[in-house]
Structure formats: structure tokens, C-alpha cells
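Student: Quick one: this structure, given as C-alpha cells, is what I'll be asking you about.
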Amino acid sequence: MKVAVVGATGLVGSVMLKVLAERNFPVTELIPVASAKSAGKELEFKGKKYKVVTVDEAIAMKPDVALFSAGGSTSQEQAPRFAEAGIVVIDNSSAWRMDPTKKLVVPEVNADTLTPEDKIIANPNCSTIQMVVVLKPLHEKYKIKRVVVSTYQSVTGTGVKAVEQLMNERQGIEGPMAYPYPIDLNVIPQIDVFQDNGYTKEEMKMILETKKIMGDDSIRVTATTVRIPVMGGHSESINLEFENDFDLAEVRSLLAQQEGVLVVDDPANLVYPMPKDAHEKDEVLVGRIRRDESQDKALNLWVVADNLRKGAATNAVQIAEYMLKNGLLPA
Ligand SMILES: NC(=O)c1ccc[n+]([C@@H]2O[C@H](COP(=O)([O-])OP(=O)(O)OC[C@H]3O[C@@H](n4cnc5c(N)ncnc54)[C@H](OP(=O)(O)O)[C@@H]3O)[C@@H](O)[C@H]2O)c1
């Protein structure tokens, strides 16, 4: 397969190259793509050096599939050009997620909705991906009525500039700010811009994307998304209220059997998921599994994942793997 990675010099793009190599995706030719300022740079993939090209050059090279992680406006402009040239686009930005003509896919949850007509496929928001993988088996068994989620999101979710801000602050260096406030030794209860309803755009993404991926508009979702000074790995406190009652041992067993989930839950031995444990893992870790004693048929969970992997690169590569396996990409 000829594979283009659009945004290959960025945080998500570089993890994409790593994940493609690790999972042995059948790449015969890699086409790393970035903005004009990076064209000509060299990137290494599986021990071979590849020259970074522009979007126009990449389209002319006719890749079979293009994995996009170059921001919303680049996707909005360029993904249709790739699709028109017959190239399947798997897009990490928010440009196409809520477009009713585009599929929003987390392979463990809804890859079976993909068809040969799908030419631009959207990868969900990182915080949504790690949540829905855990919700899926519980919704199937007990039917979720309501989700209350609060996130603790790492600076890598913002991109290179935010990592630099945190590192500069740690060393007492004044530099460009990715956030409106210092992030080191701080917590910022704002991710993305505020909407008219008082929620941030990130919170609304979690609410709307969850319903779309789960294919169920009846699930009520509310979210508070928060940035914390952690380098990699998003954490989430999730409260679920179900239609039907549950048995805690059965919840643990359903989660343990769910593809893509690791149960890390042994409070007696101080075992619970932390961002450090999720680093470089493709799975979503879940722990602190306990009944919400303030409410009938309600459960509390703590969910952690590597936002650059399952939250972005791994999920995109898994979509490509599914499409290849099911004849939705040229073999
Ligand atoms: N970070 C996360 O956890 C995460 C998770 C899910 C989704 N995403 C999404 O993934 C995208 C990238 O995020 P990131 O964190 O990797 O950002 P980043 O580190 O800032 O990287 C951005 C990449 O896009 C490239 N780019 C910018 N403008 C371009 C253009 N006009 N044409 C071609 N390439 C262009 C950049 O190339 P240059 O190096 O040449 O500037 C760079 O390779 C965003 O849409 C983000 O919302 C991020």
C-alpha cells in the first residue's frame, strides 16, 4: 500500500509513523506530507529515509490511503481533493466528525458501519475514543441512560506548541503560549473555545460524538474537560447511570473481555490506571470500578489512555487495518 501521512512532522503524525511500523501495516511506499515550510526535510520509517512533500505533490503520487493529522482547516480544504483523486482519507481533525454523510469510527465500537462508498472517514476526538471503548459493552448489557464525565487531559493533546510551553515554564524560560494561562503547577478548566451554552467546544465534541459513535441519541451526556500539566495520557472520571441494575463482578468481567480494554483495578494493592502506565500502550486502561452509592444503578470508573495512540494514531491505523481486511481499501 502507498500510504500518505499528512501532518507527518507533527505530534500525532510522528506517532502514526511509529504505529504503522509497529503494527506492520503493509506499507510499500510511505509519503510523509507537511506544510511547505517542512517540504524537503527527511523522516525515517522502518530504517529508510523519506522526503517530506507538500499536499499537491502527495496527491500526484496517488497514495491508496491518506492518514490526516494536520488540523481542521487543512482537512477541510485538502481531504476532498484526495477523495476526488480516489484516495481514502482517515482524518484526525474535527472537520468531518459531525458531518452526517461521514462515518465517525472507533473500530471496537462501530467499524461495521463502514462501506465501500466511504472515502473520508473521521477519527473521533481523543477523549471520546477512550470513553466509548469502555461504554460499549456496558451499554449493550445494561443500557446507559446518562454519562457524567470529567477529564484530566495532557498537554500533548494540544500539539507541539503546548509541550514547549510546559517545558519552558519548568525551566523558567519565557516563550510562546499555547494556553491563555501558565499550565505548569496549574489546572485550566477550558479546552478549546467556549460556546453560547457555556460549554467548551471539547465538551460538546464529547457529548455529540459519543451519541453518534454509539448510534444512540437517547444517551444523555454531560462533560467538563480540563487541561493538566501532564506530558502524555488523558484521564477521565466517568459516572454512568443504567436502565438495568448490574453486578460489579460482571461489570469487571465484561470490561476485561472487551477488545482494546485492560482492567487495572486492585485498590487493596494501590493498583489503578495512571497516565504513566498508559504511555506507549494501544489499550484503554480502566480502574476504580465501583458502585455510585448515591444513586441507583450507577457506576463510577476511572479511564486512562495514551491520547496520541488510541486517542489518535492507533485508532486511525486500526480503521485502515479494518478497511484493508474487509476489502474497503485496494489490496
Ligand atoms: N494531539 C492529540 O492528542 C490529538 C488527538 C486527536 C486528534 N488530533 C488532531 O490532529 C491534528 C494534528 O495534531 P498535532 O497534535 O499532531 O499537531 P502539531 O504537532 O501541531 O502538528 C501539525 C502537523 O500538521 C502539519 N500542517 C500544518 N499545516 C499544514 C498544511 N497546510 N498542509 C500540510 N500539513 C500541514 C504540520 O506541518 P509543519 O511541521 O510543516 O508545520 C505538522 O506536521 C489536529 O487536527 C488535532 O486536532 C490531535
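The values are calculated or read from the model by the stated rules, or taken from the named source; none is laboratory data. Just so you know, these numbers come straight off a predicted model, no measurement behind them. Cβ atoms come from the backbone with ideal geometry, glycine included; neighbour counts cover every protein chain shown.
Student: Identify all residues within segment 1-20 that are part of a loop (DSSP other than H, G, I, E, B) and within 15 Å of the ligand (Cβ to nearest atom); write none if there are none. Steps first, answer last, please.
Tutor: Here is the first cut: in segment 1-20, the ones part of a loop (DSSP other than H, G, I, E, B) are 1, 7-10.
The answer is Gly7, Ala8, Thr9, Gly10.
Student: Further question on the same structure: Which of the strands (runs of 3 or more DSSP E) found entirely inside segment 52-164 contain at least 2 residues meeting this: touching a residue at least 12 places away in the same chain (Cβ under 8 Å), more than 19 Å from Val19 (Cα to Cα) and among the charged types (D, E, K, R)? Walk me through it before giving the result.
Tutor: On the way: elements: 65-68, 88-91, 120-122, 144-152.
Per the criteria, 144-152.
Student: Sticking with this one: If I filter segment 302-316 for residues that are in contact (Cβ under 8 Å) with a residue 40 or more places away in the chain, among the charged types (D, E, K, R) and more than 16 Å from the ligand (Cβ to nearest atom), do I get at least one hit?
Tutor: Keep residues of segment 302-316 that are in contact (Cβ under 8 Å) with a residue 40 or more places away in the chain, which gives 302-316.
This time we only want the ones that are among the charged types (D, E, K, R), so: 306, 309-310.
Narrowing the set further to residues that are more than 16 Å from the ligand (Cβ to nearest atom) leaves none.
No: segment 302-316 contains no residue that is in contact (Cβ under 8 Å) with a residue 40 or more places away in the chain, among the charged types (D, E, K, R) and more than 16 Å from the ligand (Cβ to nearest atom).
Student: For segment 214-228, which positions are of a type outside the set (A, V, I, L, M) and over 19 Å from the mean Cα position of the chain (by Cα)? Let's see the steps before the verdict.
Tutor: Pass one, segment 214-228, residues of a type outside the set (A, V, I, L, M): 215-218, 220, 222, 224-225, 227.
Result: Asp216, Asp217, Ser218, Arg220.
Student: Considering only residues that are in a helix (DSSP H, G or I) and either under 21 Å from Pro80 (Cβ atoms) or under 16 Å from the mean Cα position of the chain (by Cα) (or both), which ones fall in segment 21-51?
Tutor: Selection gives Ala36 alone.
Student: Provide a single number: the residues in segment 165-191 that are of a type in the set (D, E, K, R) and touching a residue at least 24 places away in the same chain (Cβ under 8 Å). Even if it seems obvious, please write down each step before you answer.
Tutor: So the first thing to find is which residues in segment 165-191 are of a type in the set (D, E, K, R), and the list is 169-170, 174, 184.
Narrowing further to those that are touching a residue at least 24 places away in the same chain (Cβ under 8 Å): 184.
So the answer is 1.
Student: Let me ask something additional. Which of the residues belonging to segment 1-51 are without any contact (Cβ under 8 Å) to a residue 12 or more places away in the chain and at positive phi?
Tutor: Passing the criteria: Asn24, Gly47.
Student: Still on this structure, please answer the following. Just to be sure, is Lys211 without any contact (Cβ under 8 Å) to a residue 24 or more places away in the chain and under 18 Å from the mean Cα position of the chain (by Cα)? I'd like the intermediate steps shown before the answer.
Tutor: Details: without any contact (Cβ under 8 Å) to a residue 24 or more places away in the chain: yes; under 18 Å from the mean Cα position of the chain (by Cα): yes.
Yes, satisfied.
Student: Which ones in segment 286-331 are of a type in the set (A, V, I, L, M, F, W, C), under 16 Å from Ile129 (Cα atoms) and touching a helix residue (DSSP H, G or I) at 6+ places or on another chain (Cβ under 7 Å)?
Tutor: If the condition is that a residue be of a type in the set (A, V, I, L, M, F, W, C), under 16 Å from Ile129 (Cα atoms) and touching a helix residue (DSSP H, G or I) at 6+ places or on another chain (Cβ under 7 Å), then Val286, Leu301, Val303, Val304, Ala305, Leu308, Ala312, Ala313, Ala316, Val317, Ile319 are the ones that fit.
Student: Next question. Being of a type in the set (D, E, K, R), closer than 23 Å to Leu324 by Cα and in contact with a helix residue (DSSP H, G or I) (Cβ under 6 Å, 6 or more places away or on another chain), is that true of even one residue in segment 9-22? Walk me through how you get there before you give the answer.
Tutor: To start, the set of residues in segment 9-22 that are of a type in the set (D, E, K, R) comprises 18, 22.
If we keep only those that are closer than 23 Å to Leu324 by Cα too, we end up with 18, 22.
Remaining after also requiring in contact with a helix residue (DSSP H, G or I) (Cβ under 6 Å, 6 or more places away or on another chain): none.
There is no residue in segment 9-22 that is of a type in the set (D, E, K, R), closer than 23 Å to Leu324 by Cα and in contact with a helix residue (DSSP H, G or I) (Cβ under 6 Å, 6 or more places away or on another chain).
Student: Quick check on segment 47-96: of everything there that is of a type in the set (D, E, K, R) and under 15 Å from Ala320 (Cα atoms), which residue is surrounded by the most Cβ atoms within 10 Å (Cβ to Cβ)? Let's see the steps before the verdict.
Tutor: The first filter runs over segment 47-96 and keeps only residues of a type in the set (D, E, K, R), leaving 48-49, 51, 56-57, 62, 64, 77, 81, 84, 91.
Keeping just the survivors that are under 15 Å from Ala320 (Cα atoms) gives 64, 91.
Numbers: Asp64: 19, Asp91: 27.
So, considering only residues that are of a type in the set (D, E, K, R) and under 15 Å from Ala320 (Cα atoms), the one surrounded by the most Cβ atoms within 10 Å (Cβ to Cβ) is Asp91.
Student: What are the residues in segment 192-202 that are outside any loop (DSSP other than H, G, I, E, B) and either in contact (Cβ under 8 Å) with a residue 12 or more places away in the chain or of a type in the set (D, E, K, R) (or both), if any? Walk me through it before giving the result.
Tutor: First pass over segment 192-202, keeping only residues outside any loop (DSSP other than H, G, I, E, B): 194, 200-202.
Selection gives Thr200, Lys201, Glu202.
Student: Can you tell me which residue is nearest to the ligand (Cβ to nearest atom) among those in segment 57-85 that are acidic (Asp, Glu) and out of contact with any Lys or Arg (no Cβ under 9 Å at 6 or more places or on another chain)? Walk me through it before giving the result.
Tutor: So in segment 57-85, the residues acidic (Asp, Glu) come out as 57, 64, 77, 84.
From the residues that got through so far, the ones that are out of contact with any Lys or Arg (no Cβ under 9 Å at 6 or more places or on another chain) too are 57, 77.
Values: Glu57: 11, Glu77: 8 Å.
Out of the qualifying residues, it is Glu77.
Student: Given the criterion outside the structural domain of Thr115 (by TED's automatic domain parsing), more than 22 Å from Pro137 (Cβ to Cβ) and within 16 Å of the ligand (Cβ to nearest atom), identify the matching residue among Pro330, Pro275.
Tutor: Numbers: Pro330 fails: within 16 Å of the ligand (Cβ to nearest atom).
From the options Pro330, Pro275, the qualifying one is Pro275.
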